[in-house]
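First comes the structure, then the notes that go with it.
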Amino acid sequence: MRAVRAAATAAGVAFAAGAAGVAAGRLASDAALKAPPGGPLPTEPRLTVHSTAAGRIALTRAFAAQRPGVYGLVGDGSHAVVGNVLDGAAQAPDTVVRRLERVTQGTLEPGDRVRLTPNTHVGDPRTALGLDHTDVDVPGELGALPGWFVPAARDIWVITVHGLGATREHTMNVMEFLHRHRFPVLALAYRGDAGAPRSPDGLSHLGESEWRDVDAAIRYAVRSGAERVVLHGWSTGATMALRAATHSPLRDRVTGLVLDSPVLDWATTLRALAAARRTPGALLPLAVRAAQGRTGLRAAPVDQPAVAPDLRVPTLIFHGPDDVVAPWGPSRRLAARLPGRVTLRTVRHAPHGAMWNADPKAYEETLRRFLTPLM
């Protein structure tokens, strides 16, 4: 009887440990599967505003605060835009002084806690950029998907798709450039975004199912007069664009792809986001298995379909080695395996989704050269 009781106790302990592991895995996977749209990624550190003056702001000295380029700065109810670190400005040992381009929302005060973000605009194309636009509803499989349509003269539309930690406001970084070159732009909000339907399980599938919303946008564009479309996606939005270009029944209308910081290995991205939320390393494999069980994501990296011969359109990738959320390696392998079809523009010193921010002029010139033969 003692042996039976001991075995039962051991089984109970093992069951409890297993149940605890499953619960911990689910909780850890929430970092990616339940990330709110527009919420800052946990990989970006909080910085403190030390002081502000005319055209300048002093922030906590950290690696992130010293990145080159133009970034949004988000606090509690505030949004601003900062430029490069100011050479020659008096730099205290614990601060970095950057150019303060503008404060677009709220105020910035010493002591405020802020984060850098790729989003340099808030509002909509009219309020942020002065561009006329129409609010449209794109019929999707789960319901109407909100979109901004900015008209222009060409019959080749650019459909823009944001990714993790962003909303369609992020796509306004390139909207002025596209409008200047006379491309109509459709900026899509997809399932899970504000105003859009929720996915049936309430989870992000990291592009695995959301790509069908991009397919819906292609259908909308073609019905509205577009002869061809270019898909421009960031992060998981780039994953969605890739899948739409290879799986959509209207893929013959897709004439080009622009992929910024594409998530091509979802398991690595999920581990990175979970680790940034201080998930113990031992639980990270459980987070991946939990995500598979909850969403049906394949065990293999999602870049496998991308490197198949199904990708037949000219593709431009912006990515770099400093992206800790979506690894650079799969982008390099994709470009190496399809050298006549895929061009990789390496961007250094840029975090996830911020390849434009690191050097807007260089990004837009590369984009111009890519789009010109497609016009």
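The values are calculated or read from the model by the stated rules, or taken from the named source; none is laboratory data. Remember, predicted model here, so these are calculated numbers, not experimental data. No Cβ is skipped: glycine too gets one built from the backbone with ideal geometry, and neighbour counts run over all protein chains shown.
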(request) Considering each of LEU338, LEU311, LEU344, LEU367 in turn, give the residue that is under 18 Å from GLY237 (Cα atoms), modelled with pLDDT under 95 and in contact with a strand residue (DSSP E or B) (Cβ under 9 Å, 6 or more places away or on another chain). (result) LEU311
(message) Which pairs turn up if I take residues in the stretch 274-288 that are within 21 Å of ALA326 (Cβ to Cβ) and look for partners that are of a type in the set (D, E, K, R) and buried (at least 19 other Cβ atoms within 10 Å of the Cβ) with beta carbon separation below 6 Å, at least 6 apart in sequence or on another chain?
(response) LEU284/ARG271
(request) Identify the residue in the stretch 282-308 that is hydrophobic (A, V, I, L, M, F, W, C) and part of a loop (DSSP other than H, G, I, E, B) and, among all such residues, is modelled with the highest pLDDT. (result) LEU297
(request) Looking at (1) surrounded by 15 or more Cβ atoms within 10 Å (Cβ to Cβ); (2) without any contact (Cβ under 8 Å) to a residue 60 or more places away in the chain; (3) in a loop (DSSP other than H, G, I, E, B); (4) not charged (D, E, K, R), find the lone condition where GLY340 falls short. (result) (1)
(message) What pairs come out if I take residues in the stretch 152-181 that are in contact (Cβ under 8 Å) with a residue 60 or more places away in the chain and at positive phi and pair them with residues that are part of a helix (DSSP H, G or I) and of a type outside the set (Phe, Trp, Tyr) whose C-beta lies under 9 Å away, six or more apart or interchain?
(response) none
(request) Could you check how many residues of the stretch 186-197 are touching a residue at least 60 places away in the same chain (Cβ under 8 Å) and over 18 Å from SER235 (Cβ atoms)? (result) 0
(request) For the stretch 102-118, enumerate the residues that are crowded, with 17+ Cβ neighbours inside 10 Å, more than 18 Å from the chain's Cα centre (by Cα) and part of a strand (DSSP E or B). (result) THR104, VAL114
(request) Sort out which residues of the stretch 34-51 are of a type in the set (A, V, I, L, M, F, W, C) and either at pLDDT below 75 or part of a loop (DSSP other than H, G, I, E, B) (or both), and write them in order of number. (result) ALA35, LEU41
(request) Working only within the stretch 119-130, note down all residues that are surrounded by fewer than 19 Cβ atoms within 10 Å (Cβ to Cβ) and on the phi < 0 side of the Ramachandran plot. (result) VAL122, ASP124, ARG126, THR127, ALA128, LEU129
(message) Can you tell me which residue is nearest to PRO184 (Cα to Cα) among those in the stretch 228-270 that are within 16 Å of the chain's Cα centre (by Cα) and without any contact (Cβ under 8 Å) to a residue 60 or more places away in the chain?
(response) LEU257
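Select from the stretch 343-360 the residues that are aliphatic (A, V, I, L, M) and out of contact with any Pro (no Cβ under 8 Å at 6 or more places or on another chain) and write down the one among them that is farthest from VAL313 (Cα to Cα).
For the stretch 343-360, the residue satisfying everything is ALA350.
Each row is one residue, and each column tells you yes or no for (1) of a type in the set (Phe, Trp, Tyr); (2) within 26 Å of GLY72 (Cα to Cα).
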residue: LEU164; (1), (2): no, yes
residue: VAL174; (1), (2): no, yes
residue: PHE177; (1), (2): yes, yes
residue: LEU188; (1), (2): no, yes
residue: SER199; (1), (2): no, no
residue: GLY207; (1), (2): no, yes
residue: ASP213; (1), (2): no, no
residue: ALA217; (1), (2): no, no
(request) Please specify each residue of the stretch 343-375 satisfying the condition of being surrounded by fewer than 20 Cβ atoms within 10 Å (Cβ to Cβ), of a type in the set (Ser, Thr, Tyr) and in contact with a helix residue (DSSP H, G or I) (Cβ under 9 Å, 6 or more places away or on another chain). (result) THR343, THR346
(message) Just the residues that are surrounded by fewer than 19 Cβ atoms within 10 Å (Cβ to Cβ) and part of a helix (DSSP H, G or I), please, taken from the stretch 213-245.
(response) ARG219, VAL222, ARG223
